[in-house]
1. As an exercise, identify the GluC sites (Glu not before Pro) in segment 18-48 lying in DSSP coil whose Cβ has no more than 11 other Cβ atoms within 10 Å.
2. Could you grab the relative contact order for the chain? Cα pairs under 8 Å, six or more apart, rounded to a whole percent.
3. Taking a probe of 1.4 Å, how large is the accessible area per residue of the chain, in Å²?
4. Would you work out the charge dipole size for the chain about its Cα centre, treating the Cβ of every Lys and Arg as +1 and the Cβ of every Asp and Glu as -1, and quote it to the nearest 20 debye?
5. For the chain, what % of the accessible area comes from carbon and sulfur atoms, probe 1.4 Å?
6. Run through the chain and list the chymotrypsin sites (Phe, Trp or Tyr not before Pro) located in a DSSP loop whose Cβ has at most 14 other Cβ atoms within 10 Å.
7. List the trypsin sites (Lys or Arg not before Pro) in the chain that DSSP assigns to loop (not H, G, I, E or B) and whose Cβ has at most 13 other Cβ atoms within 10 Å. Which are they?
8. What fraction of the Cα pairs in segment 10-53, stated in percent, has a spacing above 14 angstrom?
Amino acid sequence: MEVPTCVSCGVYVEAGGGNVRFPCPECGELIVRCRRCRKLGRRYACECGFSGP
Ligand SMILES: [Zn+2]
Ligand SMILES: [Zn+2]
């Protein structure tokens, strides 16, 4: 199993605690964001080129 890391900052992300994981709306690839990046409103980018707030 892959180690989930935040797509924005690369930090290891535990489940829960405000961290989120969701499939990319474009390609279904799992996107992981840590709560800090969510709070900061950092953009995320998927390998397929999709990016969002
Ligand atoms: Zn992050
Ligand atoms: Zn994607």
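The values are calculated or read from the model by the stated rules, or taken from the named source; none is laboratory data. Please read all numbers here as calculations on a predicted model, not as lab measurements. Because the Cβ atoms are built from the backbone with ideal geometry, glycine has one as well, and the counts that use them run over all protein chains shown. Heads up: the accessible areas ignore ligands, DNA and RNA and are worked out on the full protein's heavy atoms, side chains in. Shrake-Rupley method; radii C 1.70, N 1.55, O 1.52, S 1.80 Å.
1. Working: sites: Glu26, Glu29, Glu47; in loops: Glu26, Glu29, Glu47.
Here the sparse-neighbourhood loop sites are Glu47.
2. Working: 75 pairs, mean separation 17.0, N = 53.
Taking the mean separation of contacting Cα pairs over the length of the chain, I get 32 percent.
3. On the way: 3760 Å² over 53 residues.
Result: 71 Å² per residue.
4. Values: 8 positive and 5 negative charges, 89 e Å.
With only Lys, Arg, Asp and Glu charged at Cβ, the dipole is about 420 debye.
5. Values: 1870 of 3760 Å².
Result for the chain: 50 percent of the exposed heavy-atom area is carbon or sulfur.
6. Values: sites: Tyr12, Tyr44, Phe50; in loops: Phe50.
Passing sites in the chain are Phe50.
7. Numbers: sites: Arg21, Arg33, Arg35, Arg36, Arg38, Lys39, Arg42, Arg43; in loops: Arg42, Arg43.
Those satisfying the criteria are Arg43.
8. Values: 425 of 946 pairs.
Pairs farther apart than 14 Å: 45 percent.
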